[in-house]
1. Return yes when LYS102 is without any contact (Cβ under 8 Å) to a residue 12 or more places away in the chain, more than 16 Å from the ligand (Cβ to nearest atom) and surrounded by fewer than 21 Cβ atoms within 10 Å (Cβ to Cβ) and no when it is not.
2. In region 148-167, what residues are surrounded by fewer than 23 Cβ atoms within 10 Å (Cβ to Cβ), assigned to a loop (DSSP other than H, G, I, E, B) and within 16 Å of the ligand (Cβ to nearest atom)?
3. Taking the condition in contact with a helix residue (DSSP H, G or I) (Cβ under 8 Å, 6 or more places away or on another chain) and either over 28 Å from ARG85 (Cα atoms) or charged (D, E, K, R) (or both), does ASP115 pass?
4. Restricting attention to region 205-221, does a residue exist that is at positive phi and not hydroxyl-bearing (Ser, Thr, Tyr)?
5. State all residues of region 102-117 that are under 20 Å from LEU327 (Cα atoms) and in contact with a Lys or Arg (Cβ under 8 Å, 6 or more places away or on another chain); if no residue qualifies, say none.
6. Can you say whether SER79 is hydroxyl-bearing (Ser, Thr, Tyr), at pLDDT 95 or above, in contact with an Asp or Glu (Cβ under 8 Å, 6 or more places away or on another chain) and assigned to a loop (DSSP other than H, G, I, E, B), as far as the supplied structure shows?
7. Criterion first (in a helix (DSSP H, G or I), of a type outside the set (Val, Ile, Thr) and over 30 Å from ASP98 (Cα atoms)) does ALA43 satisfy it?
8. Looking at TYR339 and the list (1) more than 19 Å from the chain's Cα centre (by Cα); (2) free of Cβ contacts under 8 Å to residues at least 40 places away in the same chain; (3) under 26 Å from ALA49 (Cα atoms), which single condition is not satisfied?
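The values are calculated or read from the model by the stated rules, or taken from the named source; none is laboratory data. Fair warning: this is a prediction, and the values are worked out from it, not measured in the lab. As a convention, Cβ positions derive from the backbone with ideal geometry for all residues, glycine included, and neighbour counts pool all protein chains shown.
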Amino acid sequence: MYNTIDKLRDAQELTREEWIELIENFRGVSADSAQAQYLFAQARAVREAHYGKKVFIRGLIEISNICKNDCYYCGIRASNAKASRYRLTPSEILQCADAGYKLGFRTFVMQGGEDPFFTDEVLVDIIKAIKTKYPDCAVTLSLGERSKESYLLLRNAGADRYLLRHETASDNHYSKLHPEKMKLSTRKKCLLHLKEAGFQTGSGFMVGSPFQTTENIADDLIFLKELEPAMVGIGPFIPHNDTPFAKYSAGSVEMTIYLVALIRLMLPKALIPSTTALGTLDKNGREKGILAGANVIMPNLSPESARQKYTLYNNKLHSGAEAAEQLKMLKERINKIGYEITVERGDYLCTNTIQNH
Ligand code: SAH
């Protein structure tokens, strides 16, 4: 196992069989074990070579929980009649950015369900307003599948980054997580369009989603290696009571941090968040992610009422160090483990993907 980790660290590609064996080897292994500690140390060294001890922060604005899609895992799926729906107005979104800027955020992430209200026109106006007022800030979008033309318009309006997890790189597994009309091929096409439009593009998947096999995870990693995204978001699957997956168990925190570390070794310069889902399952999850090689944290900037309604899964964290207003607490927690929150845009280091506008 040590050999395979070294190979990965030395920028050699692993075969599918090697990936499967490596992931299998880590199943059920304690995060305190020598193997796990070795993996984390390698991942930290690689991350520090590129980004030092810096942890970038992104202010997350959850703009709407109205969604036309019906992903079986997600609490804001269209069929969940119990979800109390909301949508922020453009001026509320700007107010979130104002508050965030004052707190020190230099990246705003607008995330939401696939809400038809947010047409290209509406989004272009919001993006332009934020970029005009805060030209030193990056705007990240996480609004699902859109047309190539739409991505281009949003990019030309000034949006810098786009997050769209592939969720699983296996067609068969994808069809078990999504209704018939959602296709992995569409997702992949969107990711290519995003890259072509010049976005710093993010992808990723849930760890321990129902029916996920070791082979599926290996294929996720191979897919990510090929895509070479600027950002990779992974978090444990957490069931939501009012979804078809209510009765499935959550993914493992350990496996999530092993995969964070492996992704760090495979894509040394990637921006990798220590996700809210990780923090939700484990009170030290955020720190564990950072110590496994993650270098981004996305505190919540949404208005309080929205936070309670943007429930992708049970018990989703939105207070304490998770809340943007509690940045001081987050800074202290990150300092305690030897890292440092920094107030900068925190762009991907590979300059050829960054275009100025
Ligand atoms: N509509 C946008 C944003 C989705 S929410 C989009 O399609 O990209 C962001 C991510 O939350 C999703 O990509 C998914 O991987 C994750 N997520 C959704 N439901 C979840 C659950 N039950 N447990 C853990 N993560 C979940």
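1. When the stated conditions are applied, LYS102 passes them.
2. ARG165, HIS166
3. Values: in contact with a helix residue (DSSP H, G or I) (Cβ under 8 Å, 6 or more places away or on another chain): no; either over 28 Å from ARG85 (Cα atoms) or charged (D, E, K, R) (or both): yes.
No; evaluated as a whole, the condition is false for this residue.
4. yes
5. Correct list: PHE105, ARG106, THR107, PHE108, VAL109.
6. yes
7. Details: in a helix (DSSP H, G or I): yes; of a type outside the set (Val, Ile, Thr): yes; over 30 Å from ASP98 (Cα atoms): yes.
Yes: the conditions hold for ALA43.
8. Evaluating TYR339 over (1) more than 19 Å from the chain's Cα centre (by Cα); (2) free of Cβ contacts under 8 Å to residues at least 40 places away in the same chain; (3) under 26 Å from ALA49 (Cα atoms) leaves (2) as the failure.
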